[in-house]
Amino acid sequence: MATFHLNINGKKHQVDVDPNTPVLWVLRDHLNLVGAKYGCGVAQCGACTIHVDDVALRSCILPISQVGNQTITTIEGLSQNGDHPVQKAWLKHDVAQCGYCQAGQIMSAAALLEANSNPTDEEIRTAMTGNICRCGTYVRIKEAIKTAAANS
Amino acid sequence: MTLIKTKYNRRSFLKVSAAAGGGMLIGFNWLTSCTSPVEEGIPMPNEWFEINGYIKIGNTGLVTIYSPNPEIGQNVMTSMPMIVAEELDVKWDHVVVEQGSLDEDAFKNRQFAGGSLSIMRGWDVLRMAGATGRRMLLEAAAKEWGVALSDLTVSEGIIKEVNGDRSIGYGAIASKAVGIEVPEEVELKDPKDFTLIGSFQKNVEGPKIVTGKPLFGLDFKREGMLLAMIEHPPAFGMTVKDFNRDEIVAVNGVRDAFTIDISMDDPGFGNENAFPQMIAIVGDSTWQLMQAKKALKANWEIESELENSEMHAQRLKRDIDQGEVQETRKDGNPEAAFTKAAKVIERTYTAPFQAHNTLEPMNFFAHVTTDKAELIGPTQTPNSLRESASKLLGIPEENISVDITRIGGGFGRRLYVHYGLEAAAISKKTGAPIKLIYTREDDMTHGIYRPAYRSTYKAGLDENNNLIAYSVKGVGFREGAIFPNRFPAGAVDHYAATKLKSETNISTGAWRAPRSHFEAGAQQAFLDEVAEAAGKDTIELQLELLDRAKNNPVGEKYEYEADRYAGVLKLVKEKANWGAEVPGVHRGFAAYFCHNSYVAQVLDLVMKDGLPVVKKVWCAVDCGIVVNREGAINIIQGGVVDGIGHAMYSELKFENGVSTHKNFNTYQLVRHNQSPEEIEVFFVENDISPTGLGEPGLPPAVGALANALYKATGQRYYHQPFAIANQDQNAFDISRTG
Ligand code: FES
Ligand code: FES
C-alpha cells in the first residue's frame with residue numbers, strides 16, 4: 001500500500017492503494033468515477049480509455065505508480081456540461097447502441113482531434129482501431145468524428 | 001377504425017390513479033418485448049395482472065413514461081415509449097422516459113411479467129395504454145365543458161373544441177381524468193395518421209451515455225457492498241475439488257473464499273450452465289480480487305470427456321447422418337429427382353463455436369438475507385432469474401426482487417441466469433451485499449456459446465437449368481442448424497430438409513439470430529453457386545423461386561410470405577443498382593427471413609493490399625411499421641457489422657476441454673478498420689405491425705460477404721471464419737486448423 005496524490009478532472013484526490021493497481025480500478029473502485037469501463041483488462045478493447053496529459057491511454061494497464069504529476073481526464077471531466085464537440089457529435093449521430101464502449105470511443109476520438117484537427121477517413125479508421133464496439137456502431141463513430149472535426 | 005379492448009373478461013389491463021404531486025397515473029402491464037411470441041387462445045391466468053409500466057401525466061403537461069424494459073442496445077427504451085406517446089397524442093419533447101428507478105416509490109413492489117404470460121403483443125398493449133389515456137383525458141374535458149366527445153379534437157396534448165374557442169392542455173385536465181371510468185374499448189389511430197411513429201428520434205439515454213453516467217450493472221454500487229469474483233473449472237468436463245483457501249484468504253483485501261454450488265434438481269428456463277460448482281472469492285477491491293485469483297491453486301476433477309475441436313468436427317461429420325433428427329420436411333420425391341437431374345451440386349458449410357463477448361462482462365449485485373433477496377444487474381430474463389433464485393435460496397418468489405440495469409450488450413447471452421444465481425449464492429454465504437464481477441477471461445471461457453454447425457446442401461438442375469430438386473441437412477450441437485420450412489421450401493417440387501443435433505458437454509445457447517445467421521450464410525452462398533451453374537442472375541433465380549412459392553406453392557405451409565420476401569429483393573436491387581459493374585468492385589447479394597422480418601443486402605468490396613475492404617452495404621428491410629427510424633437504422637447497421645465480423649474473423653476452439661481463446665488478444669472481433677465504410681438502410685413502407693429488428697440485419701450479411709469474396713478471389717467460401725479457415729470442401733473433415 002502507498003499513498004498517491006492525483007489530479008483528476010481538475011480536482012485533487014488522494015488514495016491509498018497497492019502501487020500496481022491500474023488507474024482504471026482506482027477510478028472505479030476507490031473514487032467512484034465509473035465512466036471509464038472495464039472490457040478486457042489487457043489494452044485490447046479501449047473501453048477504459050482516459051487522457052493522461054491529453055494523451056489517450058488504456059487505464060486498465062496503467063499502474064497508479066506511473067501517473068506521477070500528470071493530470072488525468074476521464075469522460076466525466078471531458079467537458080463541464082457534456083458539450084464537448086465530440087460529445088455533441090455523438091448525440092447528433094445517435095451513435096450509441098448498448099453504450100458500453102462509447103465513453104472509451106469518445107475519449108479516443110477527442111484525443112485524435114486534439115492531435116489532428118482534420119483527420120481523413122483513413123486516419124480515423126486507423127486511430128480508432130483500438131476501440132472495439134461489440135454492437136458495431138463504427139459507421140456512426142466515423143461520421144460523428146467528422147462532424148466534431150468540422151465543429152471544433 | 002381499429003378498436004381495442006382494455007379488458008379481458010372483467011379484468012382490466014390498466015389501472016388509473018391520481019399521481020403523487022398532481023396529475024394522472026396510468027399503470028399497465030408493459031411486456032418485456034415488442035416481439036414477444038403471441039400465444040393466442042391461452043386463458044389469462046388470474047395472477048397475470050402485474051402492473052409494471054406507468055404513464056404519468058403531470059399537471060404541468062409533462063408526460064413521464066416509466067419503462068421497465070431491459071435496454072440492451074436495441075433502443076426499446078426509446079422506441080416503445082414512442083408508441084405510447086403516439087397514441088396518447090403528445091409532443092415527444094414533452095415526454096420524459098425513465099427506466100423504473102430503483103428507489104422510485106412507484107416501483108417499490110414492482111414485479112416483472114414475462115412475455116409468455118401475455119395474450120396481446122407489446123405493440124397492441126402500448127398503443128392501448130396510450131389510447132386509453134387520450135380517451136380518458138378527452139372524456140374529462142367533455143364532462144368539464146358539458147359537450148359531447150365528438151365535439152372535441154386533440155393534437156399534441158392540447159384538447160380543442162371543434163366548433164368553439166375553448167382549449168385545454170392535458171396537464172390542466174389530468175387530475176380530473178382520474179375520476180373517469182376506464183373505457184371498455186378504445187380507438188387506435190390509423191397508421192396513416194402516425195406522426196411520431198416512423199420518425200427519427202434519438203436514444204433517450206444518449207446524454208447520460210456520452211457523459212459516462214453510472215448506468216450499467218458493473219457501475220452499480222451500494223453502501224457496504226463487497227466485491228466478488230469466481231474461478232470456474234478450467235475445462236468443460238471438470239469440477240472443483242478443493243483449493244488453497246488459507247493462502248487465498250491471506251491475500252490483501254480478501255475477506256473470504258469458498259466454493260459455491262448453484263445446481264438444482266429442477267432447473268428452469270435460462271439455467272444452462274456447465275459449471276454449477278466453482279470457487280468464489282470475496283473482497284474489497286477488483287484489483288485485489290484479481291491478484292487473489294492469480295494466487296489460486298485448485299484441484300479439479302474430471303467428470304466427463306475433455307473435448308477438442310477436432311473431435312467436434314468429427315462428431316458433426318458423423319451426426320449430419322446419424323444425429324438425432326429434430327425436424328424434417330419433404331415435398332415430392334427428391335431422391336428420384338436427383339437421379340434424373342442433368343446437374344447436381346453438393347456443398348458443405350461449417351461454422352465454429354463463438355462467444356457472445358458482450359462488451360460489459362457478466363456481473364450481478366445480490367443482497368440475500370434469511371428471508372429476502374434483492375438482485376440487481378444486467379439480465380434479459382428477470383422472471384427466470386427470480387424463479388431459479390427462489391429454488392436455489394429456498395426463499396419464496398414474492399420475497400425476491402430482480403431489477404434491471406442498462407445492459408452492455410446482450411446478443412442472447414443475458415437470457416441465461418447463472419451469473420445472477422452465483423451472485424445470490426455468494427451473498428448468502430457471505431451474509432453481505434456483494435457485486436459479482438467476471439473478468440473478460442471468466443466471461444469468454446464460461447460462455448453459453450453459439451455452437452459449431454455443419455450443413456450439406458444439394459441442388460438438382462434439369463437440362464433447362466430449372467431447379468427441380470433441393471435438399472439440406474443441418475446439424476449443430478444441442479440444436480440443429482436449419483429451419484426446414486423456410487425458403488426455398490414451397491418453391492421447389494422435390495425438397496427435403498433435415499435438422500439434426502449432436503452432443504457436447506460445452507454449454508451452448510442462443511446467439512443473435514440463432515441458427516439463422518449460419519443458415520443464411522450457407523444457403524445464400526449455395527444458391528449463388530447454383531445460380532452460377534444455371535447461368536442465371538442470383539437475384540433473378542431467387543425471385544423466380546419466390547414467384548413459384550406464391551403462385552403455385554409446393555407442399556405444406558411454409559414460414560415466410562413470398563410477396564414480402566420478393567419485396568426486399570426488388571428494393572435492394574433497385575437501390576444498389578444491381579447489375580451495374582464497377583471495375584475493381586466486387587458485389588455479393590444475400591437475403592434472409594427471420595424473426596418475422598425480411599432483409600436483403602448487396603455488399604461491395606474491394607481488395608486492398610490483398611485484403612478485402614467492404615466499401616458499402618445496401619440493406620432493404622421489411623419489418624412492418626418502423627417505430628423509430630433512427631434506432632432501426634442503427635440496429636440494422638450493427639447487425640451487418642456483427643454478421644461480417646463474426647463470419648470473417650471470430651472463432652473459439654477447444655483443446656482438452658479448454659477454450660483456447662480467453663481474451664480479445666486472441667479472439668478476434670471486428671474492429672473499426674475492418675468494418676464497412678458505409679451502410680445504407682431502406683425500409684419497405686407498410687401498415688403491418690412491427691416485427692423483429694435486433695436480429696434480422698445480421699444473417700444476410702454473412703451470405704453477401706461470402707458471395708462478394710468469391711467475386712473478388714474466385715474462391716468460394718464454405719468455412720467460417722473466412723479470413724482464417726481453409727476453404728477446401730474437405731478441409732473441415734480433417735482439421736479445423738487451416
Ligand atoms: S479494458 Fe482497457 S483496453 Fe479493454
Ligand atoms: S455501443 Fe455497445 S459496445 Fe459499442
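The values are calculated or read from the model by the stated rules, or taken from the named source; none is laboratory data. In this text the structure is predicted, and so the values were computed from the model without any measurement. Here the Cβ positions follow ideal geometry from the backbone for every residue, glycine too, while neighbour counts run over all protein chains shown. For accessibility, only protein heavy atoms count, side chains too; no ligands or nucleic acids. Shrake-Rupley method; radii C 1.70, N 1.55, O 1.52, S 1.80 Å.
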Across the Cα atoms of segment B:558-711, what radius of gyration and what greatest pairwise Cα-Cα distance (Dmax) are found, in Å? 16.5, 53
Check: C-alpha center segment B:408-430 vs C-alpha center segment B:264-324, spacing in Å is 15
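Using only alpha carbon positions, build the gyration tensor of segment B:406-464, then give the equivalent ellipsoid semi-axes as the square roots of 5 times its eigenvalues, largest first, whole angstrom.
Square roots of five times the eigenvalues give 44, 11, 10 Å.
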Surpassing 18 Å at the alpha-carbon level, of the pairs B:LYS294/B:LYS429; B:LYS343/B:LYS573; B:LYS192/B:LYS550; B:LYS5/B:LYS160; B:LYS573/B:LYS616; A:LYS92/A:LYS142, are B:LYS294/B:LYS429; B:LYS343/B:LYS573; B:LYS192/B:LYS550; B:LYS5/B:LYS160
Leaving out ligands, DNA and RNA, calculate the buried accessible area for the pair B and A with a 1.4 Å probe, summed over both sides, in Å² to the nearest 100. 4800
How large is log10 I(q)/I(0) at q = 0.12, 0.17 Å⁻¹ when the Debye formula is applied to the Cα atoms of segment A:85-151, each weighted equally and without solvent? -0.23, -0.48
Between B:ARG166 and B:GLU503, 0.36 nm times their residue separation minus their Cα-Cα distance comes to what? 114.2 nm
What's the extension gain from A:GLU114 to A:ASP54 if we count 0.36 nm per residue and subtract their Cα-Cα distance? 20.8 nm
Say R0 is 41 Å: what FRET efficiency, to the nearest 0.05, do B:THR369 and B:LYS7 get from their beta-carbon distance? 0.55
Protein accessible area in chain A, 1.4 Å probe - carbon and sulfur %: 46
Once both axes come from the Cα atoms, what is the angle between helix A:138-151 and the longest principal axis of chain A, in degrees from 0 to 90, rounded to 10? 90
Considering the convex hull of the alpha carbon atoms of segment B:415-566, report its projected area averaged over all viewing directions, in nm², one decimal. 12.2
With labels modelled as points extended 7 Å from the Cα through the Cβ direction, what inter-label distance (nm, one decimal) is found for B:GLU247 paired with B:GLU398? 5.0
What nm distance separates the two modelled labels at A:GLN70 and B:SER199, each placed 7 Å from Cα along Cα→Cβ? 4.6
Helix A:102-115 vs. chain A, principal-axis angle (Cα, 0 to 90°, nearest 10): 80
If the convex hull is drawn through the Cα atoms of chain B, its volume per residue in Å³: 173
Strictly greater than 40 Å: what percent of every Cα pair in the protein assembly as shown meets that? 41
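Counting only protein heavy atoms and using a 1.4 Å probe, what share of the accessible area of segment B:401-489 belongs to carbon plus sulfur, as a whole percent?
Numbers: 720 of 1640 Å².
Reported share for carbon and sulfur atoms: 44 percent.
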Rounded to the nearest 0.05, what FRET efficiency do B:VAL344 and B:GLU310 have when you use their Cβ-Cβ distance and R0 = 35 Å? 0.70
Given R₀ = 56 Å, what would the calculated FRET efficiency be for B:LEU62 paired with B:TRP300, taking r from the Cβ atoms and rounding to 0.05? 0.45
In segment B:644-738, the GluC sites (Glu not before Pro) that sit in a DSSP loop and have at most 12 other Cβ atoms within 10 Å of their own Cβ are B:GLU685
Run the dipole for segment A:29-152 about the Cα centre, Lys and Arg Cβ at +1, Asp and Glu Cβ at -1, nothing else charged, and hand back the magnitude in debye, nearest 20. 340
What is the Å³ per residue value for the convex hull set by the Cα atoms of segment B:199-270? 246
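Which whole-number percent gives the relative contact order of segment B:400-513, counting Cα pairs below 8 Å spaced six or more residues apart?
On the way: 149 pairs, mean separation 29.7, N = 114.
For segment B:400-513, the relative contact order is 26 percent.
Please work out the average accessible area per residue across chain B, using the 1.4 Å probe convention, and give it in Å².
37
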Out of B:TYR438, B:ILE407, B:ALA469, whose Cα points farthest toward the positive end of the dipole of segment B:395-469 (charges: +1 Lys, Arg; -1 Asp, Glu; placed on Cβ)? B:TYR438
Viscosity 1.567 mPa s, 4 °C: Kirkwood-radius Stokes-Einstein D of segment B:167-233 over Cα pairs, µm²/s: 70
Tell me which of B:PRO267, B:TRP123, B:HIS646 sits at the most positive position along the dipole axis of chain B, charges placed on C-beta atoms (Lys, Arg +1; Asp, Glu -1). B:HIS646
Convex hull over the Cα atoms of chain A, averaged projected area in nm²? 8.2
Quick check for you: with a 1.4 Å probe and neighbouring chains kept, what is the accessible area per residue of segment A:85-151, in Å²? 30
Classify segment B:330-474 as rounded, prolate or oblate, taking a ≥ b ≥ c as the square roots of the eigenvalues of its Cα gyration tensor: rounded when a/c is under 1.5, otherwise prolate if a/b is larger than b/c and oblate if not. prolate
Treating only the Cβ of Lys, Arg, Asp and Glu as charged (+1, +1, -1, -1), what charge dipole size does segment B:402-545 show about its Cα centre? Round to the nearest 20 debye. 1100
What percent do you get for the relative contact order of chain B when only Cα pairs under 8 Å and 6+ apart count? 13
Computed label-point distance, nm, for sites B:LYS616 and B:ARG629 using a 7 Å Cα→Cβ extension: 1.9
Here the relative contact order (percent) of segment A:2-77, from C-alpha pairs under 8 Å and at least 6 apart, is 37
Dimensions of segment A:2-77 along principal axes (Cα, Å, largest first)? 29, 24, 20
